[in-house]
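*Asks:* Shown below is the structure under consideration.
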Amino acid sequence: MQVAIITGASRGLGLALARQLAARGWGLVLDARGADALRSVDLELAPLTSVVAIAGDITDPEHRAALVWAAERLGGVDAIVNNASHLGPSPQPSLADYPLDELRRVYEVNVIAPLALVQQALPALQPGARIIDITSDAAVEPYEGWGGYGSSKAALEQLTAILGAEHPDLRVYRVDPGDMRTQMHQEAYPGEDISDRPLPDVAVPGLLDLLEGDLPSGRYQAQSMIKEVVS
């Protein structure tokens, strides 16, 4: 049984991916901040596969250690999907007005925590393990108002690229899932109708290709599965 740690798994893309992996027989270690929502996911997926659901803050070292320990108990870590993200203030402020305490929190969740989880898990990674860091087009496009979130994802992308260069024995992916109808996307555009965006399920086939195929490390767009060459 292959085992994946998925952060931010109680809703959106994390939940959509967890459902598909459970149906394919993967063992799952799932993280989210909301205990009630995560418990519901546990109850839904436990009849399909081995699930360990641990609610907590991904910036907490003890919580990260608990996730890795649970995966080791299931047999080791075949994949880490760093999906949990923090948008920051809503509506999104310009950089000139961005609260620096909030910016630090954005970077703690979106940059430091994913790397810290990988560092914690490295001794438990199975040969050829996959690491997927969920990023955004805001990491490469200078959208007004997205300076906090976008710059954090840009930092995550560079960390991920260097991690792949330093660990050629692993598959290390930075993945832009594309526009989706999620709670975070709605919070980024308060009051707007985002019903024209596709549900997160549209990005899952691309993630499954990365988790179960043999694609090289790099940057991918999940909805089109085009590897982007970044100079």
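Nothing in this text is a laboratory measurement; each read-out follows from the coordinates by a stated rule. Just so it is clear, the model here is predicted, and its values are computed rather than measured. Virtual Cβ from ideal backbone geometry, glycine too; neighbours counted across all protein chains shown.
*Asks:* How much of the DSSP bridge set in the chain is antiparallel, in percent, rounded to the nearest 5?
*Replies:* Rounded to the nearest five, the antiparallel share is 10 percent.
*Asks:* Can you compute the modelled spin-label distance between residue 137 and residue 100, with each label point 7 Å from Cα toward Cβ, in nm?
*Replies:* 3.3
*Asks:* Next up: Residue 48 to residue 69: FRET efficiency via 1/(1 + (r/R0)^6), r the Cβ-Cβ distance, R0 25 Å, to the nearest 0.05?
*Replies:* 0.65
*Asks:* A further question follows. Ignoring everything except DSSP H segments at least 4 long, calculate the 222 nm mean residue ellipticity for the chain; use -39,500 (n - 2.57) per segment, divide by total residues, nearest 500.
*Replies:* -11500 deg cm²/dmol
*Asks:* Compute the orientation-averaged projected area for the chain from the convex hull of its Cα atoms and round it to one decimal in nm².
*Replies:* Result: a mean projected hull area of 12.1 nm².
*Asks:* Using each residue's phi in the stretch 104-111, evaluate 6.51 cos²θ - 1.76 cosθ + 1.60 at θ = phi - 60° and report the 3J(HN,Hα) Karplus result to the nearest Hz, with x for Gly and Pro.
*Replies:* Listing the rounded values in order: 4, 5, 4, 5, 4, 6, 8, 10 Hz.
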